[in-house]
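The values are calculated or read from the model by the stated rules, or taken from the named source; none is laboratory data. Note that the coordinates shown come from a computational prediction; the quantities given were computed from them, not determined experimentally. Because the Cβ atoms are built from the backbone with ideal geometry, glycine has one as well, and the counts that use them run over all protein chains shown.
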Amino acid sequence: MTAPTPPDAAELYEGIVRQTTEALIFADCDGLIRLWSSGAEALFGFSAAEALGRSLDLIIPERLRAAHWAGFNRAIAAGRTQHGGQIRTTRAVHRDGGKRYVDMSFGLVIGRDGSVLGSIAMARDASAKRALEEALRGCRDELARTGGAAADR
């Protein structure tokens with residue numbers, strides 16, 4: 001029995017970018033979007049044609065940009081991220097102009113020679129999770145306000 005032929009690297013790359021349900025975004029060291037998956041299209045509303053070659057500012061709310069770019073530039077220079085790939089909930093801009101809560105993880109892509117090629121981010125919609133957290137917070141606040149009186153009945 002012979003081993004199956006491994007997939008062509010270009011075909012594999014294209015399949016991953018096209019078929020992943022997660023938003024997968026690669027930005028070069030200047031913060032320009034070079035990879036935008038179908039999951040990114042679904043989450044942010046911008047097609048790959050609209051996003052490729054544009055700044056990450058496309059999806060970063062204006063009030064978060066200074067902090068984002070400070071961290072981005074620090075990570076590119078240091079060759080590592082501050083949060084080590086941890087999933088963080090943040091806000092992002094949708095094509096319709098609205099803001100969405102998203103869970104994102106960030107990392108760097110390192111070339112064979114050890115140089116930083118850019119950053120990779122994976123994201124998913126966190127709006128439902130955020131709504132549940134806010135509802136729970138409201139229930140806790142109500143319980144604290146009433147001193148648990150409703151639970152005693």
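Go over the candidates I33, I120, I60 one by one and state the one that is part of a strand (DSSP E or B), surrounded by 15 or more Cβ atoms within 10 Å (Cβ to Cβ), modelled with pLDDT of 95 or more and within 11 Å of the chain's Cα centre (by Cα).
I120
Exactly one of (1) assigned to a loop (DSSP other than H, G, I, E, B); (2) modelled with pLDDT of 95 or more; (3) within 17 Å of the chain's Cα centre (by Cα); (4) farther than 27 Å from A131 by Cβ is unmet by D113. Its number?
Looking at each condition in turn, D113 falls short on (3).
Every residue, every condition in (1) over 20 Å from G98 (Cβ atoms); (2) without any contact (Cβ under 8 Å) to a residue 60 or more places away in the chain; (3) in contact with a Lys or Arg (Cβ under 6 Å, 6 or more places away or on another chain); (4) of a type in the set (S, T, N, Q), yes or no:
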| position | (1), (2), (3), (4) |
| --- | --- |
| T5 | yes, yes, no, yes |
| L12 | yes, yes, no, no |
| Q19 | yes, yes, no, yes |
| A23 | no, no, no, no |
| D28 | yes, no, yes, no |
| L32 | yes, yes, no, no |
| E41 | no, yes, no, no |
| F46 | no, yes, yes, no |
| A49 | yes, yes, no, no |
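Within segment 68-85, track down each residue that is part of a helix (DSSP H, G or I) and touching a helix residue (DSSP H, G or I) at 6+ places or on another chain (Cβ under 6 Å).
Matches in segment 68-85: none.
Failed condition for R65, given (1) within 21 Å of E22 (Cα to Cα); (2) assigned to a helix (DSSP H, G or I), with all others met?
(1)
Among the numbered conditions (1) at pLDDT 95 or above; (2) touching a strand residue (DSSP E or B) at 6+ places or on another chain (Cβ under 8 Å); (3) surrounded by 12 or more Cβ atoms within 10 Å (Cβ to Cβ); (4) not acidic (D, E), tell me where N73 comes up short.
Looking at each condition in turn, N73 falls short on (2).
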